[in-house]
1. In the set 142, 185, 159, which member is assigned to a helix (DSSP H, G or I), modelled with pLDDT of 95 or more, surrounded by fewer than 20 Cβ atoms within 10 Å (Cβ to Cβ) and of a type outside the set (Ser, Thr, Tyr)?
2. I'd like the residue in the stretch 88-110 that is in a helix (DSSP H, G or I) and of a type in the set (A, V, I, L, M, F, W, C) and, out of all such residues, is surrounded by the most Cβ atoms within 10 Å (Cβ to Cβ).
3. Criterion first (among the β-branched types (Val, Ile, Thr) and within 21 Å of residue 190 (Cβ to Cβ)) does residue 117 satisfy it?
4. If we keep just the residues of the stretch 219-276 that are touching an Asp or Glu at 6+ places or on another chain (Cβ under 9 Å) and small (Gly, Ala, Ser), which is most open to solvent (accessible area, probe 1.4 Å)?
5. So how many residues does the stretch 112-125 have that are open to solvent by 20 Å² or more (accessible area, probe 1.4 Å) and within 16 Å of the ligand (Cβ to nearest atom)?
6. Going through 54, 43, 26, 38 one at a time, which residue ends up being of a type in the set (Lys, Arg), in the same structural domain as residue 110 (by TED's automatic domain parsing) and under 27 Å from residue 244 (Cα atoms)?
7. Which of the numbered conditions does residue 260 fail, given that it passes all the others? Conditions: (1) at pLDDT 95 or above; (2) within 21 Å of residue 292 (Cα to Cα).
8. Which count do you get for residues in the stretch 102-111 that are within 15 Å of the ligand (Cβ to nearest atom) and either in contact with a strand residue (DSSP E or B) (Cβ under 6 Å, 6 or more places away or on another chain) or under 13 Å from residue 71 (Cα atoms) (or both)?
Amino acid sequence: MSVVYDRVALIGLGLIASSMAHAMRRDGLAGEIVGTARSAETRAVVEELGFCDRVVETAAEAVTDADLVVLAVPVGVMGDIAVGIGPHLKPGATVTDVGSVKRHVIETVTPHIPEGVHFIPGHPLAGTEHSGPRSGFADLFLNRWTLLIPDQTTDPAALQRLTDYWHALGAHVDVMDADHHDLVLAVTSHAPHLIAYTMVGVADDLRRVTDSEVIKYSAAGFRDFTRIAASDPTMWRDVFLTNKQATLEILGRFTEELFALQRAIRKGDGQHLYDYFTRTRAIRRGIIEAGQDIDAPDFGRGAVKK
Ligand code: NAP
């Protein structure tokens, strides 16, 4: 593949940015990769791992002369980063982000993007429960969707180039409106994470009663919740604080459904439970047919070493 952007600046060097860097390196998508992270510790790890051509101390330094700037920090600090980089952005450059919430990022970042710089928000629907610069891998975005959020003022050529970049990283690309994005993600990602956090929290409370049995005999359902609930606390705190309205809307609906199922159990209404579970099973089939997961039993884990 060939170079899509001459110089790419990565602001934040965790799971998402390091995965991008590995893929760019492998496929020669950037002339130069410049990275920066808040802590000296992370910057030292990245120097050691070597997935950036240069690691610099400040975001302002990183974006100087960059053709693409990727904001890959928690959603709650995107605005602060934009304040710092605004005056240093090159005319004609594209700024994008990978944040999990879009309306809040647009509201906090846009005012600091100077005339002549293209800001096109984005969100790769790809991730793991791991974080930090050691957790990235080149195939993270392969066959996953990335949603881009242009508006009426977005330059078509800049949008096309960013789309080409994501395609080169292996992703499928769609465009979406910011509010619609935040609602869809509240259903598919944000509310499920909160439910997982809650379930694991309940089990942790119970653990005090049942000693270590919750851990020792953890069955597939609970194990899957614990994987999701191991996700980065800062990232997820920011997601809920910045996608408040949509998350609360979905949690309201969730609570209603939960009460209905609770009532069916109490009343012994097996038909209600059976019909409900039949409907949800079809969703799983749809995800597999869409190529967004594999049909292997136990999520393809295979036998776990005892
Ligand atoms: P991560 O692995 O935790 O890395 C976050 C990076 O941001 C680190 O380099 C960290 O620097 C830096 N950072 C944290 N707080 C900061 C602050 N206050 N000021 C400046 N820099 C700060 O995170 P990630 O998983 O790559 O997530 C990055 C973004 O992608 C988030 O907005 C998240 O919503 C989004 N996203 C995540 C996933 C996922 O599954 N993880 C999926 C899609 C999108 P230090 O290391 O120096 O602390």
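The values are calculated or read from the model by the stated rules, or taken from the named source; none is laboratory data. No experiment lies behind these values; they were computed from the predicted model shown. Here the Cβ positions follow ideal geometry from the backbone for every residue, glycine too, while neighbour counts run over all protein chains shown. Note: accessible area is taken over every heavy atom of the protein model, side chains too, but ligands, DNA and RNA are not part of it. Shrake-Rupley method; radii C 1.70, N 1.55, O 1.52, S 1.80 Å.
1. Within the list 142, 185, 159, the selection yields 159.
2. The first filter runs over the stretch 88-110 and keeps only residues in a helix (DSSP H, G or I), leaving 88, 103-110.
Add one more test, that the residue is of a type in the set (A, V, I, L, M, F, W, C), and what stays is 105-106, 109.
Details: 105: 26, 106: 19, 109: 23.
Filtering the stretch 88-110 for residues that are in a helix (DSSP H, G or I) and of a type in the set (A, V, I, L, M, F, W, C), the one surrounded by the most Cβ atoms within 10 Å (Cβ to Cβ) comes out as 105.
3. Considered against the rule, which asks whether it is among the β-branched types (Val, Ile, Thr) and within 21 Å of residue 190 (Cβ to Cβ), residue 117 comes out as no.
4. Per the criteria, the residue is 230.
5. Qualifying residue count, the stretch 112-125: 3.
6. Details: 54 fails: under 27 Å from residue 244 (Cα atoms); 43 fails: under 27 Å from residue 244 (Cα atoms); 26 fails: under 27 Å from residue 244 (Cα atoms).
Only one candidate qualifies: 38.
7. The failed condition is (2).
8. 5
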